[in-house]
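Below is one structure, written out as structure tokens, with a few remarks after it.
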Amino acid sequence: MQNKVDTYTHEKQLVIKYGDHRLIRPEREEAKGSFKYILEDMDDIRKSFIRLGFHLAEMKRMRYYEDFGYQTLEDFAAVNLGMDKSNVYRYIRVYENFAAPVERSFDGTLCFVPSKFVLGDRWKDYSYSQLAEMCNMSPDERMVCKPDMTVKQLRELKKALTHSMHAVDMKNIAQRISEGATAAELKDEFKSMSEATGSTEKLVAMPPQKGKKDRSKEFSYEYCAGLHGAARAAYVKSRKSVGNAEIVIYDFEGRMVDFLFDPPAFNTMLEVLYSGNGRYVFRLQCDWDSFQCRLNPSLDQPDTLASNP
């Protein structure tokens, strides 16, 4: 049986139950290090669930489980961690969706790497159980969740928001759920209202009230900063542009920065998603490869040199 593992535990002290699948290559020391980190995280799982998610994802990505004789991460985790498949991937999903993003300094280098180990600021007041329940929510649906909601309330909220289209409806539903209503009760209330008014509109598909702006597709800087990986990409892709931007940058001596060209091709290819508090977020109107080809057309030309003697 594995004794308590901490920073001072040597890899040779780890109790590993090997599987039957053997590799020709030698066992990697990094594999044992990965296993050690996972055991450390599990010792204080309430505080370290983001770290655990990262280390499980790393073990899967690097296929360290193969070094211990297993063909899948799930098989390794079941024998050596006492963790079933659903739990393994639940920790990984929580990490991927709610870890703090990597921050970069102005020169492009990493100034710190919180995405591996800590929650994003937007989610710091939520427990692991709450975040696990929120994993399969859309970014818009997560915006109306509250830290004081129970897991049961979050589950009811997901049911009630199944067909939601507008932020105003989501907030109203979230408020009712917080007050103790269930998705079934809201459905019954809507049915009664529909019968009384003769309306066939869906409760959660109502258009924004007259005079009120629909903000369901607006970009939130703070919310986006709390997303990670595929969740962040999906959020940015779905946001509504608030306009196009022309950017001209000069250096301290008044010279135009060369990479903007003349005329600046860069200018016609940006959409503004957010501006405020000295922060600006832009989105290209094409993918990165197309963008590079438009700035440097030679990148899109076939290589004719190889065919010439």
message: Considering only the range 23-46, I want to know if a residue exists there that is of a type outside the set (A, V, I, L, M), at pLDDT 90 or above, in a helix (DSSP H, G or I) and buried (at least 21 other Cβ atoms within 10 Å of the Cβ).
response: yes
message: Test of understanding: among Leu154, Leu186, Leu119, which residue is modelled with pLDDT under 90, of a type in the set (A, V, I, L, M), crowded, with 18+ Cβ neighbours inside 10 Å and under 30 Å from Asp41 (Cβ atoms)?
response: Leu119
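Any chance you could count how many residues in the range 236-258 are over 30 Å from Lys217 (Cα atoms) and either in a loop (DSSP other than H, G, I, E, B) or at pLDDT 70 or above (or both)? Quick ask: steps written out before the conclusion?
Initial filter on the range 236-258 (over 30 Å from Lys217 (Cα atoms)): 250-258.
Now narrow it down to the ones that are either in a loop (DSSP other than H, G, I, E, B) or at pLDDT 70 or above (or both): 251-255, 257.
Residues meeting the conditions: 6.
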Some residue of the range 157-166 being crowded, with 20+ Cβ neighbours inside 10 Å, modelled with pLDDT under 90, farther than 16 Å from Leu186 by Cβ and not hydrophobic (A, V, I, L, M, F, W, C): no
field: Near pairs, Cβ below 7 angstrom, 6+ apart or cross-chain, from the range 79-90 (of a type in the set (Lys, Arg)) to any residue that is at pLDDT 95 or above
entry: Lys85/Glu74; Arg90/Ala132
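The values are calculated or read from the model by the stated rules, or taken from the named source; none is laboratory data. Remember, predicted model here, so these are calculated numbers, not experimental data. Methodologically, a virtual Cβ is constructed for each residue, glycine included, from the backbone with ideal geometry; neighbour enumeration extends over all protein chains shown.
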